[in-house]
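Enquirer: Mind having a look at this structure? Questions to follow.
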Amino acid sequence: MDVFVALAGAGTIQSDGFDDCTEAAHARGAGLVGFCYCTRQDAERARDTGHLTPAFRGAPDGSTRTMEHTGGIVVQAFRATGFHVDRNGTGNSRPSVALTGRRNPAEPSPPYGPPGGERRCCSYA
């Protein structure tokens with residue numbers, strides 16, 4: 001079974017969120033595909049800008065392939081619930097989720113495109 005950990009309010013800074021997700025992933029056992037999290041700093045920035053930029057990590061090793069795959073899972077999950085998401089498709093970019101103008105999830109979602117096919121992203125560094 002594939003396991004994906006998603007946490008909101010995971011620590012204050014990115015390293016806290018990474019540690020919290022790693023702990024939660026180990027508690028759930030084998031089969032981890034990746035995790036996604038938003039720190040309190042991410043939430044504050046989202047309130048100020050109207051855009052959420054969740055961090056994510058591909059399991060088990062954070063390789064380019066697993067990061068691209070996990071990033072795609074994150075984008076698809078937000079789009080499936082009606083959010084507009086911009087991301088360039090590379091493993092080292094965070095998606096930018098528009099928190100306003102949410103569409104009806106019954107409407108077709110834009111496809112998850114090739115790297116460079118989307119705009120406005122933030123560095124994962």
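The values are calculated or read from the model by the stated rules, or taken from the named source; none is laboratory data. If you're wondering where the values come from, they're calculated on a predicted model, not measured in any experiment. Ideal geometry is used to build each Cβ from the backbone, glycine not excepted, and the neighbour counts take in all protein chains shown. Remember, those area values only see protein heavy atoms, side chains included, never the ligands or the DNA or RNA. Shrake-Rupley method; radii C 1.70, N 1.55, O 1.52, S 1.80 Å.
Enquirer: Just to be sure, is residue 28 open to solvent by 70 Å² or more (accessible area, probe 1.4 Å), touching a strand residue (DSSP E or B) at 6+ places or on another chain (Cβ under 9 Å) and within 20 Å of residue 87 (Cβ to Cβ)?
Expert: Details: open to solvent by 70 Å² or more (accessible area, probe 1.4 Å): yes; touching a strand residue (DSSP E or B) at 6+ places or on another chain (Cβ under 9 Å): yes; within 20 Å of residue 87 (Cβ to Cβ): no.
No; evaluated as a whole, the condition is false for this residue.
Enquirer: Find the residue count for region 19-47, including only residues that are within 18 Å of residue 71 (Cβ to Cβ) and not in a helix (DSSP H, G or I).
Expert: Residues meeting the conditions: 8.
Enquirer: Considering only residues that are more than 16 Å from residue 95 (Cα to Cα) and among the charged types (D, E, K, R), look in region 31-46 and name the one that is least open to solvent (accessible area, probe 1.4 Å).
Expert: The selected residue is 44.
Enquirer: Continuing with this model, one more query. Could you list, ordered by first residue, the pairs with Cβ atoms under 8 Å in which the first is in region 57-81 and closer than 18 Å to residue 99 by Cβ and modelled with pLDDT of 90 or more and the second is crowded, with 20+ Cβ neighbours inside 10 Å and among the charged types (D, E, K, R), at least 6 apart or interchain?
Expert: Filtered contacts from region 57-81: 75/87.
Enquirer: Could you please let me know if residue 6 is of a type outside the set (S, T, N, Q) and touching a Leu at 6+ places or on another chain (Cβ under 6 Å)?
Expert: Working: of a type outside the set (S, T, N, Q): yes; touching a Leu at 6+ places or on another chain (Cβ under 6 Å): no.
Taking the combined requirement at face value, the residue does not satisfy it.
Enquirer: So residue 74 clears everything in (1) open to solvent by less than 20 Å² (accessible area, probe 1.4 Å); (2) not in a helix (DSSP H, G or I) except one condition, right? Which one?
Expert: So residue 74 meets the others, but not (2).
Enquirer: Looking for something on the phi < 0 side of the Ramachandran plot and in contact (Cβ under 8 Å) with a residue 40 or more places away in the chain - is there at least one such residue anywhere in region 12-27?
Expert: Start the filter on region 12-27 by keeping residues that are on the phi < 0 side of the Ramachandran plot, which leaves 12-27.
Still in the list and also in contact (Cβ under 8 Å) with a residue 40 or more places away in the chain: 14.
Yes: one or more hits.
Enquirer: Against the definition (among the β-branched types (Val, Ile, Thr) and modelled with pLDDT of 80 or more), how does residue 3 come out, yes or no? Don't jump to the end; show me each part of the working.
Expert: Numbers: among the β-branched types (Val, Ile, Thr): yes; modelled with pLDDT of 80 or more: no.
Judged against the criteria, residue 3 is not a match.
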